[in-house]
Every structure is written in structure tokens, then in C-alpha cells.
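Here the structure comes first, spelled out in C-alpha cells, and everything after it is commentary.
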Amino acid sequence: MAISLSSYMKGFFDLTKAIGLKAISSDFAFEIAGFEGTYLLVKQAPWPELTPQGEIEVPTVLGGMAYQPQQVKFAGQGPISIMETRAGSVNQLLVGLITKNQGVFDAKIYEGTPMKYIKAKSIRDCFIQLDAPDRDWENRSQVLTFSGTLFFHYFGDDMAGNSTDYR
């Protein structure tokens, strides 16, 4: 193991601090349009980013190759988990989504909360495919959670925050 001089390590520390505070994974809220109060139940959701769909291999002379990016991927998917209440809030949400627009909805994902956030991202034409939740007589220490996959479309529609801090 290398022993680094404290002055050398202080330089890395100062550079890291200069970048700013790191984003914390838990500091988000997922708000479904028309069902705004349920953001308090969404435990996990994907954070959308624009990225190429993949690579295109480009042949070059003498059997060589290079890469260039494919078109931007705007359709995404990722895990979502929603905590159930004794009143059946998740069940009511799912029935409401299906009744309102065949399960398709728009949503916003906040870094912070809907009231106080640093930035937010709009996603469109979303739907959720949930797995059957697990009920277990021996599990007395965990909230009943519905987990599945959120399918969405993200076009880079970001909103500036209304706060510099959400704490």
C-alpha cells in the first residue's frame, strides 16, 4: 500500500470540495400528474438521462474500425418501488391510472421535493408494470412494497429549481 504525503492528499481533497456537494441518491421525489400526493409513497424510481442508444461500428482501412454514437435514446425504463398503505393507496393509484388514461401518465422527478427542489425532469407517456408483491407471515419488519418497471420517454425537458437547497 502506498503512503502518500498529506500535502498531496490535501490537493485531491481541495479539488473534490471545489466540485461541490455530491448528489445523494435518496434526495428525490417522483410525482405522477393528477396523483400528486402519492410522491410520498414512491421509494425508488429511475433518474432519466439522455445518452446514445449504443455504438455504430465504422470500418476503416486495413481492417481497422472506429465507433460513432447511435441516435439519442429517449425511451427508457428502470426499477420503481411504491410503498403500500393500510388504506390501499397503491391499489387506488393503479386503478386510477388505468381508469384515467389506460395506465399512461406524465410525471416529474425532483432532486428534492415538489415544494423545494434543485432541479426537476419531466417524463412523458409513462406506464408501470408491477410484479406481484410478496406477503409473508414471518416478515414483521418490512413495509409492503410494490416493485416493478417504469417505462417512460425523456426528451431532456429539465426545469430549473426553485431553491438552492431542499433541506
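The values are calculated or read from the model by the stated rules, or taken from the named source; none is laboratory data. The model shown is predicted, which means the values in this text are computed figures rather than measured ones. In this analysis, Cβ positions are derived from the backbone assuming ideal geometry, glycine residues included, and neighbour counts consider all displayed protein chains. We work out accessible area using only protein heavy atoms, side chains counted, and drop any ligands, DNA or RNA first. Shrake-Rupley method; radii C 1.70, N 1.55, O 1.52, S 1.80 Å.
Is there a residue being out of contact with any Phe, Trp or Tyr (no Cβ under 9 Å at 6 or more places or on another chain), small (Gly, Ala, Ser) and either under 27 Å from Tyr166 (Cβ atoms) or open to solvent by 90 Å² or more (accessible area, probe 1.4 Å) (or both) anywhere in region 71-93?
Within region 71-93, one or more residues are out of contact with any Phe, Trp or Tyr (no Cβ under 9 Å at 6 or more places or on another chain), small (Gly, Ala, Ser) and either under 27 Å from Tyr166 (Cβ atoms) or open to solvent by 90 Å² or more (accessible area, probe 1.4 Å) (or both).
Kindly list, by first and then second residue, each pair from a residue in region 144-167 that is under 11 Å from Lys119 (Cα atoms) and in contact (Cβ under 8 Å) with a residue 40 or more places away in the chain to a residue that is polar (S, T, N, Q) and open to solvent by less than 30 Å² (accessible area, probe 1.4 Å), limited to pairs with Cβ atoms under 9 Å and residues at least 6 apart or on different chains.
Met159/Ser122
List, please: which pairs have Cβ atoms under 6 Å, are six or more places apart or on different chains, and start with a residue in region 26-54 that is in contact (Cβ under 8 Å) with a residue 12 or more places away in the chain and more than 17 Å from Phe155 (Cα to Cα) and end with one that is surrounded by fewer than 19 Cβ atoms within 10 Å (Cβ to Cβ) and aliphatic (A, V, I, L, M)?
Leu41/Met83; Lys43/Met83
Can you find a residue in region 104-116 that is in contact with a Lys or Arg (Cβ under 6 Å, 6 or more places away or on another chain), open to solvent by less than 50 Å² (accessible area, probe 1.4 Å), modelled with pLDDT of 95 or more and of a type in the set (A, V, I, L, M)?
Within region 104-116 (the criterion being in contact with a Lys or Arg (Cβ under 6 Å, 6 or more places away or on another chain), open to solvent by less than 50 Å² (accessible area, probe 1.4 Å), modelled with pLDDT of 95 or more and of a type in the set (A, V, I, L, M)), the answer is yes, since at least one residue qualifies.
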